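Quick notes on the structure that follows.
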Amino acid sequence: MIEGTDRNLLIQIEEGLWPVDRRGGPGKPHSGGLRLELESIRSSLFEGYTRRGFDEMFDEADRPRPHYARLYDRLVAMGGEELSRRHRLSDLILRHQGITFTVYGRDQGVERIIPFDPIPRLVTASEWEKIERGLKQRLRALNAFVHDVYHDRKILRDRVIPPDLVLGASGYRRECLGVRVAHDIYIHICGIDLIRDETGEYLVLEDNGRTPSGVSYVLKNRQVMKQVFPVLFETYAIRPVDDYPADLLATLRFAAPPSCGDDPCVAVLTPGLYNSAYFEHGYLARRMGVELVEGRDLFFDRGQIFMRTTRGPRRVDVLYRRIDDDYLDPLVFRPDSQLGVPGLFAAYRGRQLGLANAIGTGVADDKAIYPYVPAMIRYYLGEEPILRNVETFRPLIPSERAYILAHLEQLVVKAVDASGGYGMLIGPVSTRTQREEFARRIEANPRGYIAQPTICLSQHPTLIDDRIEGRHVDLRPFVLCGREIKVLPGGLTRVALPRGSLVVNSSQGGGTKDTWVLAELQDELRESGGG
């Protein structure tokens, strides 16, 4: 419950009445006294700040990188006390608006606010141009791969990828063999996780082509930042993210089967209130102006899926499904599922229903398939990968399995079909007991694991109490594939909040921050030294 002063401040923010502190703006000369004051603030705000690996804001000489200089000045002028006060207000807004994430198995309760850090991450236009090209290239190859797996299987016959690896993937669905989908697009919404290594190079960590979550926090983070920290926006030209719901709706409509006509009915299918991303399901449905439905709201009749409404049944043409394959149709997959719709697969197979993402896309984001994505790009597109993978060791190969078992204390070991930071061993911080347990697992099921070097993720200044400290981050851009491929400018920057932690997942206590992709004009000003 929000009371007293906090409630009054929240009302001021929502009504646009919160005052903006404009001290120390870029290009304004400081008086001697104010300069000394700012230096004092700086020493307290960044006291003890240390760089570990690649730092997003500071270069090797501990100077702000050129595109961060204005942000740095604003933060110093604001000071730790004011920064913390506004940070608390942003948390109040998130709590007041019910922006939550469900964490399973935690003592502190099921539903909580994702920690939000107010210091935005900045990406230059030139950096983003390469990222965007690389993401589009990767999604084209992944879609070609999924189509090939369920139809011609050329890549398997040519032994580019071992057939047993693909056909043995938990996300492979033999029921989808020969099933056609609109425009041969299987992965309509993809979240591709990126990290930066010690040199600052962006690498692809993993692909999420089933039901990637987190985009609602991208949109809400930007909204909250504009409300609480308008002063930070004043000297940056930032690419907007507000078009995402409209772009998502257009992508979903493009996935409609030909039989539905020019005005397809789209709905968001959610597992229900207790799903970890339920807030996101409802938020995106509202922003798109479509219905949010559960399995019990739908039924199968005469080869089609219908939605129960107060005006009678209404045909549904496209479902943006946020339910895993296993639970979609109890007649085909798990018979004990109460979340799906009996007959849904029949409507899908009969091309009377579009699904985003398509059933069976999990074969493309299996972590054992991940090392072969560069080969997919060369095979299907005839191009060299723009974004590199993280080096990956596969226990199925005897020499690599021997290396993994001999170097567990140096590696990160991941279960190939796990997500959310679960089923993972981080060697440098593991115990001998944990390493011995993972060694037994790997030997018993080499297909079920991969291993990667422990990469020191890039770090970003993060507000901890009233001071700024470095915390490790990753980046999940969201890519839409419809009539054209579109990449949401920025994406979700996730923050590992415990000091030294490399685990950024929200389910493991990670936080988020706003990601600003700078417009071209901003880069031109930076390079010319103007402002």
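Out of all the residues in segment 482-491, is one or more under 20 Å from the mean Cα position of the chain (by Cα), buried (at least 18 other Cβ atoms within 10 Å of the Cβ), over 17 Å from Val218 (Cα atoms) and modelled with pLDDT of 80 or more?
yes
So, of the residues in segment 495-531 that are modelled with pLDDT of 90 or more and assigned to a loop (DSSP other than H, G, I, E, B), which turns out to be surrounded by the most Cβ atoms within 10 Å (Cβ to Cβ)?
It comes out as Ala496.
Quick check: anything in segment 174-183 closer than 30 Å to Leu94 by Cβ, under 27 Å from the mean Cα position of the chain (by Cα) and not charged (D, E, K, R)?
Within segment 174-183 (the criterion being closer than 30 Å to Leu94 by Cβ, under 27 Å from the mean Cα position of the chain (by Cα) and not charged (D, E, K, R)), the answer is no, since none of the residues qualifies.
If a residue counts only when it is in contact with a helix residue (DSSP H, G or I) (Cβ under 8 Å, 6 or more places away or on another chain) and crowded, with 20+ Cβ neighbours inside 10 Å, which strands (runs of 3 or more DSSP E) contained entirely in segment 209-315 have at least 3 such residues?
Passing ranges, in order: 266-269.
Which one is nearest to Thr211 (Cα to Cα) among residues in segment 441-481 that are of a type in the set (Ser, Thr, Tyr) and crowded, with 18+ Cβ neighbours inside 10 Å?
Tyr449
Based on this model, can you work out whether Ala346 counts as closer than 17 Å to Arg159 by Cα, among the hydrophobic types (A, V, I, L, M, F, W, C) and surrounded by fewer than 19 Cβ atoms within 10 Å (Cβ to Cβ)?
For Ala346, the condition - closer than 17 Å to Arg159 by Cα, among the hydrophobic types (A, V, I, L, M, F, W, C) and surrounded by fewer than 19 Cβ atoms within 10 Å (Cβ to Cβ) - is not met.
I'd like to know if segment 285-297 contains one or more residues that are closer than 18 Å to Arg210 by Cβ and of a type in the set (A, V, I, L, M). Reasoning before the result, please.
Applying the first criterion (closer than 18 Å to Arg210 by Cβ) to segment 285-297 yields 295.
Add one more test, that the residue is of a type in the set (A, V, I, L, M), and what stays is none.
Checked against the condition, which is being closer than 18 Å to Arg210 by Cβ and of a type in the set (A, V, I, L, M), segment 285-297 yields no hits at all.
Considering Ala418, Ala364, which residue is at pLDDT below 95 and within 20 Å of the chain's Cα centre (by Cα)?
Answer to the check: Ala418.
What pairs can you find where one residue is in segment 292-310 and farther than 19 Å from Tyr278 by Cβ, the other is buried (at least 19 other Cβ atoms within 10 Å of the Cβ) and of a type in the set (Ser, Thr, Tyr), and their Cβ atoms are less than 9 Å apart, with a gap of 6+ or different chains?
Ile305/Tyr348
Please count how many residues of segment 312-334 are farther than 26 Å from Ser213 by Cα and not small (Gly, Ala, Ser).
4
Inspect segment 347-361 for any residue being outside the structural domain of Asp262 (by TED's automatic domain parsing), touching a residue at least 12 places away in the same chain (Cβ under 8 Å), in a helix (DSSP H, G or I) and farther than 17 Å from Asp301 by Cβ and give the result as yes or no.
Yes, segment 347-361 contains a residue that is outside the structural domain of Asp262 (by TED's automatic domain parsing), touching a residue at least 12 places away in the same chain (Cβ under 8 Å), in a helix (DSSP H, G or I) and farther than 17 Å from Asp301 by Cβ.
The values are calculated or read from the model by the stated rules, or taken from the named source; none is laboratory data. The structure presented is a predicted model; accordingly, all values stated were derived computationally and were not measured. All Cβ positions, even for glycine, are placed from backbone atoms using ideal geometry, and neighbour counts span all protein chains on display.
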